[in-house]
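Before any comments, here is the structure.
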Amino acid sequence: MPKTSDPETWVSQYGDYLFRYAVLRVKDENLAEDLVQETLLAALRARDRFKGTSSEKTWLVAILKHKIIDLLFRSHGEVQVDDIERAADTTEDRFDDSGHWKTQLGNWGNPEKALEDSEFWRVFTRCVEKLRPPMADVFILRELQNLSGKDLCNVLNISTTNNAWVLLSRARMRMRECLESNWFNKSDGNES
Amino acid sequence: MLTCKEVSKLVSLALDRRLPLNKRMAVRLHLLVCKMCSRYQQQLKFIHRAARDYYSRLDSDDDRLAVELGSEARKKITDTLRREQ
C-alpha cells in the first residue's frame, strides 16, 4: 500500500504551492486559505485511498481543482444572455463594417522568450485578473485548467457550448490586447 | 471569402475543437493573404500555450508568482489538521 507522507508536513511541503494555485482563481486570499485547508482536510480523510499512481502533489492539486470547481458551481448564478451579448458586441468593436480589423495588431516577434521572464508572468496574471467575471471564469477553466466545453457549460451554467465559445473567443481577444499593451509593445517600444 | 471578423472567431474555435473541412480550408485561404489574421492566430496560439504552462510554473522554488501562505494561515491549517487526525 503506498502511503502519503506525514500530514504534519503537508502545510510546509505544499502550502505555498496550493495557495498560489487557488489565489489566482478566487482572487481573495482568505478564500484561497480556506480552500487550502479544505483540500488538506479532504486529503487527510481520503488518505487511505491515495494510490500512489501520481505524486502526492498531483493528488492534492486534483483535490483542490475539485474544490475550486465546487465553489464556482455554488457561487455562479446562470450566465446571463446579456453577458454573452456584451461579449459579442465588444468583439464587433474591433472590426469595421466590412469586417476588417480596425487597428493594426502588433508584431510580437518571438514571443517564446517571454515565457522565461518572471515579469511577463506577473503581467500575464494581471491580465487574467482584469478579465470580467464570466470571461475570466471561462478563460481560467478552459485555458488554465483544460476543462472540456461541456464541463465548462455545466460548471458555469452556460446554456450552450456555442455561448461558451463566444465568451472564450472574447476572453482571448482581451488577453491578447492586454499582453500587447502591457508587455509586447512595452518591450519593443523603442524599435518602432 | 471570410471576413477578418469571422476568421477571428474561427481561429479561436479551432483551438477547442476540430473545424469542419470547408471551414478549415476557408480559414487557411484567408490566412494566406491576411497578415493581421495570421498574426492573430499565432498570438492566440501563443496565449494558449502560455496558459497551459502557467500552473507548471507555480513551483515553490520559482518566485515568478511569489505569493505565500501567511504564517497565521499556516498555523491555523496545521492546527486544524492536527485536530482532525
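Only the coordinates and a few stated rules stand behind these numbers; no lab work does. Remember, predicted model here, so these are calculated numbers, not experimental data. Heads up, the Cβs are rebuilt from the backbone with ideal geometry, glycines too, and the neighbour counts pull from every protein chain shown.
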For segment A:1-60 and segment A:117-159, distance of Cα centres in Å: 22
Neighbour-count order for A:ARG126, A:ARG170, fewest beta carbons within 10 angstrom listed first: A:ARG126, A:ARG170
Ratio Rg/Rh, restricted to the protein assembly as shown and using Cα atoms, in which Rh is the Kirkwood radius: 1.02
FRET efficiency estimate (nearest 0.05) - Cβ-Cβ, A:LYS186 to A:SER148, R0 30 angstrom: 0.30
Simple Cβ-charge dipole of the protein assembly as shown, Lys/Arg +1 and Asp/Glu -1, about Cα centre, in debye nearest 20: 980
Other-chain or far-sequence residues with amide H under 5 Å of A:PHE95's (modelled H): A:LYS102
Eligible lysines near B:LYS23 by straight Cα distance, threshold 17 Å, same-chain separation 8 or greater: B:LYS5, B:LYS9
Cβ-placed point charges (K, R +1; D, E -1), dipole of segment A:110-192 about Cα centre in debye, nearest 20: 400
Of B:ALA26, A:ASN182, B:GLN41, farthest towards positive along the dipole that unit charges on Lys, Arg, Asp, Glu beta carbons give the protein assembly as shown: B:ALA26
Mean ellipticity per residue at 222 nm, deg cm²/dmol - from DSSP H runs of n ≥ 4 across the protein assembly as shown, formula -39500 (n - 2.57): -20000 deg cm²/dmol
Close Lys-Lys pairs in chain A, where close means Cα under 14 Å and separation is 8 or more or interchain: 4
Dipole in debye (nearest 20) - segment B:4-84, about Cα centre, beta carbon charges: Lys, Arg +1; Asp, Glu -1: 700
Within a Gaussian network of chain A (alpha carbon springs, distance under 10 Å), most fluctuating of A:GLN104, A:GLN37, A:GLN145: A:GLN104
Of the DSSP H helices in chain B, those whose Cα atoms cover at least 15 Å axially and whose Kyte score averages -0.5 or more: B:21-33
Three principal axis lengths of segment A:7-75 [C-alpha, angstrom, descending]: 31, 25, 18
Residue of B:LYS75, B:LYS23, B:LYS35 that the Gaussian network model of chain B assigns the largest fluctuation, springs spanning Cα pairs under 10 Å: B:LYS75
Selected from A:VAL26, A:ASN146, B:ILE77, residue furthest toward positive end of dipole (the protein assembly as shown; charges at beta carbon): A:ASN146
Residue with peak Gaussian network fluctuation, chain A [Cα springs, cutoff 10 Å], from A:ARG45, A:ARG132, A:ARG176: A:ARG45
